[in-house]
């Protein structure tokens, strides 16, 4: 079998066999198939798609391209959450300790921010000393002692995905649903999960802006996850405005700690609300609770009693961070006091937000990356003071840009101001946070 034979069949719209897919992915992993041939197959898949069987076989081959973590000796259900990414999307920092405190093992393999979206690893690294480069032994040790561990994808986990992901970005095939599904599920499957909840964002700050396409992706993720033996559920959630108030790494960690401490302001509550909802689905899929109502009740007690905060504190300490950050985030996180006000250009009602533009504005002043190896400035960010549907007066603050460089802050503020649309009439309907739950 030759790579060009596999490429030709998919180019011509034919269905690939298990042998063809396995052959190709093994070649990607070993380095025996050239980048231009991998790129050709990626484009053929982008143009002609894959059926469910092909998608499942591709995911399985990528999953098996490296090591599969085995936590079967840990006598707890294993569950995780994945988000397709957004602006201010910080739920992992709440979900992991909340679900772990309920007796579920949460091996969370996370990523870094790219473009307008933030990354969990970048947020965690703002905690002094916190390590996300854990070895497999260290990762397992933290899992056993705390109940959850947070780490990046190692070279040994789904290595075929790492290669293909880089080429997808370079060949404009990132949006291909079969490739998205295989990338997400292969990484999560390699973590040895029993259950998984996927947060598929939709709206102006999402990877998938159109609801119909986001729904197609969600169904494909659920079908593929279930076919591989991982109990999988997806939620379509709103990303038409930043989630919560804070955008920017240190500011988002501070917001999460405040929520775990019961101190979050009103505008931050959607972060907790969505985290509780996703966590409840995880508990049901992990067979900890039989109903969402029972799961919500359990989680509310875990948060209000301080058990979730204590679990977060133990994880910070176990991964090398300074646990005092949980008591005094302002004193231990890299934060700046210099702010620049984003003023409303007119009186009216907030009717629309170009959420991706808000993310890009903060990324441009150091809060994000254009390339994966770019260095991030953890202190910069934006804290929103209004939500869609709120009334505003001319010159009233829409929020504050945090940045030491006044010129950069002014530029970001201008971009964010243009991202907020102020209309004359109030909205008849405010976007729902959770739009749909998909089980198959």
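Every read-out reported here was derived from the displayed coordinates using simple, explicitly stated rules and does not represent laboratory data. Owing to the predicted nature of the structure, the values given are computational and were not obtained by experimental measurement. Please note: Cβ atoms are built from the backbone with ideal geometry, for glycine as well, and neighbour counts cover all protein chains shown.
Brief remarks on what is shown
- When 102, 311, 326 are arranged by Cβ crowding within 10 Å, least crowded first, meaning fewest neighbours, the order is 326, 311, 102.
- Size descriptors for the stretch 333-423 (Cα atoms only): Rg and Dmax, in that order, 13.2, 42 Å.
- Percent of Cα-Cα distances greater than 18 Å, calculated over the stretch 371-432: 49
- The angle separating the long axis of helix 18-30 from the principal Cα axis of greatest extent in the chain is about 70 degrees.
- Candidates 333, 193, 47, ranked by Gaussian network fluctuation over the chain, Cα under 10 Å, top entry: 47
- Of all DSSP beta bridges in the chain, antiparallel share, percent nearest 5: 50
- Considering only 116, 15, 360, the Gaussian network model of the chain with Cα springs below 10 Å gives its largest mean-square fluctuation to 15.
- In this rough spin-label picture, where each label sits 7 Å from Cα along the Cβ direction, the residue 397-residue 346 distance is 2.4 nm.
- Contour minus Cα-Cα distance for residue 273 and residue 322 (0.36 nm per residue): 14.9 nm
- Across all directions, the average flat footprint of the convex hull enclosing the Cα atoms of the stretch 3-49 is 2.8 nm².
- Base-10 log of normalised Debye intensity for the stretch 85-225 (one unit scatterer per alpha-carbon) at q = 0.11, 0.21, 0.22 Å⁻¹: -0.43, -1.62, -1.71
- Kirkwood's formula applied to the C-alpha pairs of the stretch 79-329 gives a hydrodynamic radius of 18.1 angstrom.
- The stretch 257-306 and the stretch 205-254: distance between their alpha carbon centers, rounded to Å: 17
- Put in line by how crowded their Cβ is, counting other Cβ atoms within 10 Å and starting with the fewest, 108, 1, 150, 196 read 1, 108, 150, 196.
- D by Stokes-Einstein for the stretch 267-355, Kirkwood Rh over Cα pairs, 25 °C, 0.890 mPa s: 147 µm²/s.
- The value obtained for the stretch 23-169, namely the Cα convex hull volume divided by the number of residues, is 144 Å³ per residue.
- Between residue 304 and residue 410, the distance separating the two model label sites (each 7 Å from Cα on the Cα→Cβ line) works out to 5.0 nm.
- Taking other C-beta atoms within 10 angstrom as a stand-in for reagent exposure, 250, 397, 391, 135 fall in the order 135, 391, 397, 250, fewest first.
- Its DSSP H runs of at least 4 residues, each contributing -39,500 (n - 2.57), put the calculated 222 nm mean residue ellipticity of the chain at -13500 deg cm²/dmol, to the nearest 500.
- When the square roots of the Cα gyration tensor eigenvalues are ordered a ≥ b ≥ c, the ratio a/c for the stretch 182-258 is 1.5 or more and a/b does not exceed b/c, which makes its shape oblate.
- Nitroxide proxy distance, nm - points 7 Å out along Cα→Cβ at residue 294 and residue 174: 4.2
- Stretchable slack from residue 2 to residue 156, in nm (0.36 nm times residue separation minus alpha-carbon distance): 52.9 nm
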